[in-house]
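Written below as structure tokens is the structure these notes are about.
Just so it is clear, none of the values below were taken in a lab; they were calculated from the coordinates. Computed from a predicted structure; not experimentally measured. Note that we place each Cβ from the backbone using ideal geometry, even for glycine, and neighbour counts take in every protein chain shown.
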Amino acid sequence: MQVLTSRGVIAFAVFALVVLFGYTTVNHAIDLGRQQDYQPGQPIKFNHQVHAGIHKIECQYCHDGARRSKHSVIPAVNTCMNCHRAINYGSNYGTAEITKIFASIGWDPLEGAYIANYDQMTNDQVKDVYRKWIANKNLTEGVEADDIENIVEEQLEGIEKALTNEYTGDERIAGPIEWVRIHNVPDHVYFNHAQHVTVGNLKCQNCHGQVQEMEEVYQYSPLSMGWCINCHRETQVQFDDNEYYKSYERYHEEIKAGVRDGVTVEDVGGLNCQRCHY
Amino acid sequence: MKKQNDKVWIGTDQLQNSAAYRAATDTEVAAEQRIENPRLEATRRDFLKYLGFGMTAATIASCDIPVRKAIPYVSKPDTIVPGVATYYASTFIQGGDYVPVLVKTREGRPIKIEGNSMSPITEGGTSARAQASVLTMYDTSRFDGPARVRGGRALRERVYADNPSWEVLDDEIGGRLRNARQIRIVSHTILSPSLKLAIRDFKNRMPGNTVLVQYDPISSSALLDAHEAAFGVRAVPHYRFDNADVIVGFNCDFLGTWISPVEYGRQYIAGRRTDGRRMSRHVQVESHMSLTGSNADNRIMVKPSQQGQAILALYNAVVGGGAAANLNATAAAKIQAVANELRGARGAALVVSGSNNLYEQQLVIAINRALGSYGSTIETNRWSLQRQGSDQNMARFIAELEGGEVDAVIVLDGANPAFDNAWAGQFTAALQANDPTFRNGEYLDPRRIDENEVEDRGEQADAKEENDGNRDESVFKADAVSRNFRRVLAISTSTVPTETTQLCEYVTPNHHYLESWGDAEAVQGVYSLIQPTIVPIFGAVNRYGTRQEGESLLVWSEETERYDPTATQPYLNYVKRNWEEGVFGSQGRFTSFQAFWDSALHDGVFNNASTGSVNDYGLGYDATATAPAAAPDATTDAPQEAPALTEVQPTARTVDYNAASRRILAPGEAENEITFFETVNMGNGVYGNNPWLLEVPDPVARTTWGNYLSIPVTYVDGNSYTAYKDLNPEEYKGKADKVTVAVGGENQAPETVTVVRQFGQMPGTFGLAIGYGRRMTGAVGKAIGNEVGVNVYPWLTVDEDGYVQYYSGEVAISDKVDSEEEFPSVQYHHTMGLTTHNENGRVYYNTVTGENETFDRELTEEESEYLQPFHVDEKTVMELGEGMQGGLTKRSIIFQGSFAELPELREEIAERRVEAQHLNEQTLYPYEEYVKDIYSQGHWWAMHVDLTSCIGCAACEVACLSENNVQVVGKYEVWRHHEMKWLRIDRYFYGDVENPRAVYQPMMCQHCDNAPCENVCPVAATPHSDEGMNQMIYNRCIGTRYCANNCPYKVRRFNWLDFSTADLFSSNEPELNDEELPFGADNLTRMVLNPDVTVRSRGVIEKCSFCAQRLQQGKLTAKIEKRALRDSDVRVACQTACPTGAITFGDRNNKQGDVSRKLENPLNYLVLEETNTQSSVFYAARVHNSIEALEA
């Protein structure tokens, strides 16, 4: 016991506690604002596993900005409609979720046509259109007739909740879908998808994880600066098959001479601050 | 006696170099900059409140991360990819100002204006005004729908249902217009053929008589009339300054403001290449130093009232036979020398005059004919239409209005007849007399207008109508509303509230040009299209919205044959129809209209070989038939042989020029004269609500936020420089004096004006800019330009031939009456001549003993005679304390020389560079090694600025603001040295101290490879990149400002306040001009921000980034296309804005690139090379080509 109460031990314990406390504090402070594993609920229970996994739809079919823009782009509703004109009953949720995209853009699945002047319609008129549809469809899919009314009202409520926003004053069902943004980098960071996808030939899964296996998407990577930098240090650029890099003459010579194995992003200035901050 | 000075200098104070001046400026940070902001008042309690709130806010903020939404399109337009910019060709027109542009849009909103390089007129050049025009679209003052005006205010209710819709007002206005017998449409020069056709169709449909009255606030009426007399065509000749070897300008600011400055600037510089054998010569005759005059090789100072005599003297010398000129001997001798020079350059000479005197312009025509300019320096097959106004027509209109002969006035957008002309007072009075809500000199409060009280005026008006003649009275007596109709129906289509909208009865706001369809024909046969780049903003957000003025006219006139109001875009169809009937028919390149239209719309411009005719469609007074196509001729009464004319058969008329010469005004006898001139930023006042333009320093005077009376500076024997009445002794401290200026005798009220000392202002003359002093530039509480400066329009006079004169011989300048303590001149801000301190005080160099001495006190006067401030110079770098060379001149900031002595100049530069490089080798910094290891591969960015090509027009300054989200700070903050410009244009004088030349030096971050700022940053917020760029990382910056102190070029800017209005506490936001919501805090204004550039918050340093976002974008494009980077991928904002191509940017590792070629110029030097900064911006020395006989 003497040993444990000796000044040396106490001093050490206090020191260790301070270090531990400091370490935790700093670590948590650094983590402030980061949201790895962030998995918010979305207005539509869009299932990447079904779309990208089972049906093997190419990521960039929907996220068509990734190859040419800084934004990968959440697809516009008309992109959804390319398939969902034909597919109007989901394997998991039936009419509950798919009807939301119909209600956003104004597709009348019973008529098989877009509704004229849809953006002028009131919420009640919109609901009438889809009330009929949900009832009909669920009947044909074999739902008990007694349950239909409940299902219809429940789904209509879901549609209204998903497509309106009381905080921003968006009271109308018609119009765009407000998705919750999962991957956020701070405003002072410039990130460009095209650079990584088209020039760097990176797979989407590199940063976003195995999205094709996710029923509900979450943030796979920390999206911290350390994570970015580390990747820039390790990743080889597509040096040989891009004429652009011809201007790095010395690297080419060194590769030819066998002094150099490859060129990382860092070697072509990928750690310069102003690549991402300006 | 005058004195040739081989130094360059920036102003009187610096030239005089008094002890007090040195004391105030030999510190790196000026004293004014250290003043606490007295406008910020926070008590201790406030501090505690903020502290408490801040802690709580920080705690709460760290607990929960806000949920961010991503909202995609419902149906994405094919042309838009979020995150990728789309460019549309369009045309900036504002009255006669004309620049074909490309509009950069992001996600459907225009954010930046670029020049359209396919235009043969501007070839991609822009002006400050065109660059700033994108901001006016997001002006919070804009009308969001049509309105009635009562009590001097447009009635716009918060409840939208209470506002009248377009249909309601169209019915009302249309009915009343059909009842009007005399309708006048008042406008500045109209460049749009479709708008003219709309007016024609309106005129044809209306039962009454419609007359279009075009006027120009800065009038070229005499120029037009002189050409009409000589050639039968009332238009501006199409000048070709590039073909001229000798250019003589008489009070004509063709590089800055006169008619088509972007075009003329480009042409002018094309003729001034320093690498060829030929360089044009330019003599300017003027009293006030204009932008053009400051660029001239020689200036002859002549009082404004003697301009005519100077032209006459030149006429006598070149043509002969005129009346004897009455000019002083010195000036006469100089004019003779100019004449000799002109005669020597026959066929490549050009004389232009900005005068608005008919006879002077006629003599200029005669001189140009005699010199064979027509066919060489003046095109004979095309006329320019950029000025069409007529002073006489305007005067006639005013007389009609006052005489009660006009029933309806429609004022088109841009025109502001209640402000911007010599008759503004009469126009205002006439419409106020017509306004029942205006009584006893003031407006009734529109919300408390007693209907009964107003009604008597209505009855009076009705009674007058009844006496006047028979008309359908039912319109006037139908209901309570129409009872209050005014006798003269006045409608304005202005987009923002102005002095004129206040007087009108209705406002039917026009679209901004970026929301419009339209066209323009600035030079015959050169057509350009205007296409919308955004959906009309207000109509799209549930307001009644704006409507194009041409469309309004067509709707009111119920024109349905040529115009289909039911179409989705009726005015587009109308423009297309006009083009199909007009331009398409006269061209031979396309066979189908659709292909023709698509091509023209894509290019934005269409050049027609066939020039068509100068057609005003008979819209003006008395116009009977349309004028036929005609072109100038050199044959008729010119004694010299004519140059061969191309295809054109002119209808030149005989004009007796000798008779004209006898009608030139005798010179004024007055001691003092004053000129009223236009500035590059404010124009005629129409840009008065644009903060970007208000804060751009006038290139010559370097003052912001207002107009200031230029007073002459004279040099009195020895070393004494005296300003007029010794005013403004402390300009360098940001203080100025105010005087009272009375122009035009006792009728006009005198004004109190702040003074600025101006080199090159002729003794006995003064200058004051036009276009300032607007009372109403926007909505109440939102207007930024109200009461900025002094309005000089009331001082304009009309000469006996009916032309407005922009000078006055009747001027009285008082002694100092007041002082301006917040003088927003940037002249003495961010200067580069530095002296130094050591730990014991200030270090001085003793010129007697050659020793350095340190004093910790003010010097006595005796001491200051032989002690000079010790400068940080090259020698001190090597041998501290041994000798010194002070002053600006021995530091490599400006090199200048004459074209005749180019080899000497090259040698001087080479010598100095060798010296500097020798010094730079004595360093520990392994620069060569870095070059070898890092910069030699990949990219190594460099910029080249040709000081001979830079004319100081400020287009780059505004382009930089627009591209990089640089904030404006307002007059008060400018005074405190807090302007945020990343790119400033330094103006230095050299040569004769009373009549100097100027050199403009665009100064931005020099991206030093051995940067002094980088070493001193404690947090590595400004490191160097592998591509030779000095990077500024805002999110790392903690605001120590060490870097700004250590920057020898003084290009770093600190966010002293929340200029971007992004912070939480509004007390940190500066007000520009007493606006309710600080500029930039509104979501509408924020739409102009470039989303690729971080908006900087308070407390961080910022500076030129070489447009890093454009470089990254350019590199990415090259990588995606798997090809080498081209120069065209990486064009920075200042470069693309420049009308003269003075700025070149590129990768200097690319040996075939533009910048590498420019770097071979032997006139290149680096600014402050001796400080071993290894900067990346190269400057080519200023070269002038003076006429020996005009020197001294």
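Okay, here's what the table says:
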item: 13 Å Cα-Cα reach of residue B:1115 towards aspartates and glutamates, excluding residues that sit fewer than 8 places from it in its own chain; result: A:243, B:1027, B:1127, B:1129, B:1147
item: At R0 = 41 Å, FRET efficiency that the Cβ-Cβ distance of residue A:7 and residue A:170 yields, to 0.05; result: 0.05
item: Sequence of B:1054, B:989, B:53 once ranked by neighbouring C-beta atoms within 10 Å, starting from the fewest; result: B:53, B:1054, B:989
item: Using alpha-carbon coordinates, inclination of helix B:902-921 to the longest axis of chain B, degrees; result: 50
item: Local electrostatic count at residue A:255 - Lys and Arg +1, Asp and Glu -1, tallied over other residues with Cβ under 9 Å; result: -2
item: 3J(HN,Hα) from dihedral phi, segment B:983-996, Karplus parametrisation 6.51/-1.76/1.60, rounded to Hz, x for glycine, proline; result: 10, 10, 10, 6, 10, 10, 9, 7, x, 4, 5, 8, 9, x
item: Cβ-placed point charges (K, R +1; D, E -1), dipole of segment B:106-168 about Cα centre in debye, nearest 20; result: 280
item: Proximal aspartates and glutamates relative to residue B:334, as straight alpha-carbon distance under 14 Å, when same-chain residues fewer than 8 apart are discounted; result: B:286, B:297, B:1188, B:1191
item: Relative contact order computed over chain B (Cα-Cα under 8 Å; 6+ residues apart), in percent; result: 16
item: Most positive-pole-ward Cα, A:125, B:602, B:568, against dipole of the protein assembly as shown from beta carbon charges; result: B:602
item: Between segment B:1094-1156 and segment B:742-797, the alpha-carbon center distance in angstrom; result: 40
item: Vicinal HN-Hα couplings computed from phi for segment A:123-128 (Karplus, 6.51 cos²θ - 1.76 cosθ + 1.60; Hz; Gly/Pro x); result: 4, 5, 4, 4, 5, 4
item: Leading residue at positive end of dipole, segment B:673-820 (Cβ point charges), from B:756, B:705, B:729; result: B:705
item: Folded to 0 to 90 degrees: helix B:358-370 orientation relative to chain B principal axis, Cα; result: 70
item: Inter-centroid distance (Cα atoms) of segment B:49-104 relative to segment B:251-323, Å; result: 46
item: Residues with amide H under 5 Å from that of residue B:215, placed H, sequence gap 5 or more; result: B:187, B:188, B:189, B:390
item: Enclosed volume per residue, in Å³, of the convex hull spanned by Cα atoms of the protein assembly as shown; result: 242
item: Per-residue [θ]222 nm for the protein assembly as shown (sum of -39500 (n - 2.57) over DSSP H runs n ≥ 4, rounded to 500); result: -8500 deg cm²/dmol
item: Euclidean distance between Cα centres, segment B:1000-1051 to segment B:810-825, Å; result: 39
item: Per-selection Rg to Rh, segment A:224-278 - Cα, Kirkwood hydrodynamic radius; result: 1.02
item: Taking A:225, B:980 and counting other C-beta atoms within 10 Å, the order from fewest to most; result: A:225, B:980
item: Principal-axis tilt of helix B:955-964 within chain B, Cα atoms, nearest 10 degrees; result: 80
item: Segment B:1144-1192: mean projected area of Cα convex hull, nm²; result: 5.2
item: Too-long pairs where the Cα-Cα distance tops 30 Å, listed order kept, from A:256/B:1158; A:45/B:1122; A:256/B:1119; A:127/B:104; A:70/B:782; result: A:256/B:1158; A:45/B:1122; A:127/B:104; A:70/B:782
item: Global form of segment B:673-820, assessed from the alpha-carbon gyration tensor, a/c cut-off 1.5; result: oblate
item: Choice from A:176, A:186, A:109 showing the highest fluctuation, given a GNM over chain A with Cα pairs closer than 10 Å; result: A:186
item: Proximal charge balance of residue B:595 [Cβ under 15 Å; K/R count +1, D/E count -1]; result: -1
item: Anchor residue B:725: lysines whose Cα lies under 20 Å away (excluding residues fewer than 8 positions away in-chain); result: B:2, B:303, B:733, B:735, B:738, B:816
item: 10 Å Cβ neighbours from other chains, averaged over peptide A:188-201; result: 3
item: Two-decimal Rg to Rh for chain B - Kirkwood Rh, Cα set; result: 0.96
item: GNM top mover of A:13, A:96, A:174 - chain A, alpha-carbon springs below 10 Å; result: A:13
item: Cβ-placed point charges (K, R +1; D, E -1), dipole of chain B about Cα centre in debye, nearest 20; result: 2480
item: Contact order normalised by residue count of chain A, Cα under 8 Å, 6+ apart, percent; result: 25
item: Candidates A:99, A:198, A:25, ranked by Gaussian network fluctuation over chain A, Cα under 10 Å, top entry; result: A:25
item: Hz values of 3J(HN,Hα) by residue in segment B:585-600 - Karplus curve (6.51, -1.76, 1.60), Gly and Pro given as x; result: x, 9, 10, x, 7, 10, 9, 10, 5, 4, 5, 4, 5, 4, 5, 5
item: Estimated dipole of the protein assembly as shown in Debye, rounded to 20 [Cβ of Lys and Arg +1, of Asp and Glu -1, Cα centre]; result: 2180
item: For residue A:108, distant residues with modelled amide H under 5 Å away; result: A:113, A:114, A:115
item: Unit charges at the beta carbon, dipole of the protein assembly as shown: most positive-side option, B:659, B:767, B:373; result: B:373
item: Net charge, residue B:334 excluded, C-beta distance under 11 Å - Lys, Arg +1, Asp, Glu -1; result: -1
